[in-house]
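> Got a structure for you, questions after.
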């Protein structure tokens, strides 16, 4: 099978040769920079400095009255010795968002330095995606820890020469920690972290047994953490009351996380099933995903080559797809933020893809057929109908307002699709 073949890099551009940046590349880089600036400015213009009661309340869930899911973020703040003020929480969340945006931007810069067609394409997709810089990357919630793990591991894999076992162990341990902040992190990030580790395994092959060890270390810690959270992370009524009482009065009651800390798997599922108009979130999300895939259609052959290289057996590919789909099904079954799940999975996929493209661009070993993608962009760009429609679709996705967590009704769906400010 072609995807199993290894090739040696001969292109001097990918071996570190320095060439002058032409007008086409300068235009691409300026467009990417302006796109990032627009998305970041749009997110902060929309939400300002303050955050919602729900976002703030996540930081007041601690282990002070017993072990409870989502308690690590608040516990890390509580080690300062005092109950943080709302302004302190706002500052902490803004700093985390800036760190996430810096990590995503670093991946874009890393791709631009590869100076190849596929690298620029991957950077552009990360920038224009409606679930990237402004929707998930700038949401300013503790959930960002999981995405930071993925971005950090991806940058490490693409710029250094980490041993696969070391990368798997560090990534797996950090993802397990992220699960204590948000139990959704392993379900969203986990499958894509596995692909990054697989890329390192395939790009720097060693003993056969090391691959199994690296993948085990990458997956098992967060799965064990999820098992512990499921069995022992539910807060009883007394603990919930104490946690809520310890929080500032402005974020108590309806609209905060405290109402959900006592949920079981069954009660969470019942909440989702009783939610009206859930299908609208899927419909709106499907529109955005379809437009994004339309913009990314030119990269599909490369994506297939890479995917078959990472998972060279049919059984392996089917297993990864099944696990990824199963994790998504759990998310949709136990949480009603259906549009947020779509955007979160999309963001994770983009972060992992960016890291893998950057790694492939510098690795001397890779899949057969990749050389046609790792070439400098053309000095002149031909105008075509397909190209114009792609630019129009990409611009629409770029200027969309930050997406909500879910769609409440038809009016909300229209408002989101038309990017009308809330």
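A short reminder: the numbers here are calculations on the coordinates, not readings from a lab. Bear in mind the structure is a predicted one, so any value in this text is a computation, not a measurement. When we count neighbours, we look across all protein chains shown, and the Cβ atoms used for this are built from the backbone with ideal geometry, even at glycine.
> Jot down the radius of gyration and Dmax of segment 251-294, Cα atoms only, both in angstrom.
15.1, 44
> How tilted is helix 237-246 with respect to the longest principal axis of the chain? Cα atoms for both, answer in degrees (0 to 90, nearest 10).
80
> What is the helix-to-structure angle for 385-399, meaning the angle in degrees between its Cα long axis and the longest Cα principal axis of the chain, kept from 0 to 90 and rounded to the nearest 10?
That works out to roughly 30 degrees.
> Where the centre of each part is set by its Cα atoms, how far does segment 131-201 sit from segment 214-258, in angstrom?
Cα centres, segment 131-201 to segment 214-258: 20 Å.
> Can I ask one more? Which three semi-axes in whole Å describe the equivalent ellipsoid of segment 307-361, each the square root of 5 times a Cα gyration tensor eigenvalue, listed largest first?
On the way: eigenvalues 117, 58, 4 Å².
Computed over segment 307-361, the values are 24, 17, 5 Å.
> Counting other C-beta atoms within 10 Å, which of 374, 163 has the fewest, and how do the rest follow? If you can, show how the numbers build up before the last one.
Details: 374 22, 163 15.
Arranged by neighbour count, lowest to highest, 374, 163 become 163, 374.
> How far is helix 185-203 tilted off the main Cα axis of the chain, in degrees rounded to 10, range 0 to 90?
For 185-203 against the chain, the angle is about 30 degrees.
> Would you order 363, 274, 185 from fewest to most other beta-carbon atoms within 10 Å of each residue's own beta-carbon? Walk me through the intermediate numbers first.
Values: 363 21, 274 9, 185 30.
Fewest-to-most Cβ neighbours within 10 Å comes out as 274, 363, 185.
> Could you give the nm distance between label points at residue 161 and residue 30, where each point is 7 Å from its Cα heading toward the beta carbon?
3.9
> Using Cβ counts within 10 Å as a stand-in for footprinting exposure, how do 76, 100, 273 rank, fewest first?
Numbers: 76 16, 100 23, 273 10.
Taking fewest neighbouring Cβ atoms as first place, the list is 273, 76, 100.
> On the first, second and third principal axes, largest extent first, how far apart are the outermost C-alpha atoms of segment 264-412 in Å?
That works out to 54, 39, 21 Å along the principal axes.
> Hey, for a label at residue 286 modelled as a point 7 Å past Cα toward Cβ, could you say which residues of segment 390-412 have their backbone N under 17 Å away?
Hits in segment 390-412 for residue 286 at 17 Å: 407-410.
> Computed on alpha carbon atoms, what radius of gyration and Dmax characterise segment 133-207, expressed in Å?
12.7, 42
> Given the convex hull of the Cα atoms of segment 351-422, what is a quarter of its surface area in nm²? Each step should come with its number before you reach the end.
Numbers: hull surface 32.4 nm².
Across all orientations, segment 351-422 yields a mean hull projection of 8.1 nm².
> Here is a follow-up. Kirkwood hydrodynamic radius for the chain: how many Å is it when counted over pairs of different Cα atoms? Working shown, then result.
Values: mean 1/r = 0.0445 Å⁻¹.
Taking every pair of different Cα atoms in the chain, averaging 1/r and inverting gives 22.4 Å.
> Working from the pairwise distances between different alpha carbons, so that the mean of 1/r is found and then inverted, what is segment 31-161's Kirkwood radius in Å?
Over segment 31-161, the inverse of the mean reciprocal pair distance is 16.0 Å.
> Find how much the distance from residue 98 to residue 83 grows on full extension, using 0.36 nm per residue of separation minus their present alpha carbon separation; answer in nm with one decimal. Working shown, then result.
Working: separation 15, 0.36 × 15 = 5.40 nm, distance 2.34 nm.
Length difference between fully extended and current span is 3.1 nm.
> Given Cα pairs under 8 Å that are at least 6 residues apart, what percent is the relative contact order of the chain? Numbers along the way, then the final one.
Working: 610 pairs, mean separation 125.6, N = 422.
Over the chain, the number comes to 30 percent.
> Turning to a different aspect of this structure: How large is the helix-only mean residue ellipticity at 222 nm for the chain, computed as the sum of -39500 (n - 2.57) over DSSP H runs with n ≥ 4, divided by its residue count, in deg cm²/dmol to the nearest 500? The partial results should precede the final answer.
Working: 17 runs with 274 residues, N = 422.
-21500 deg cm²/dmol, from helical runs alone.
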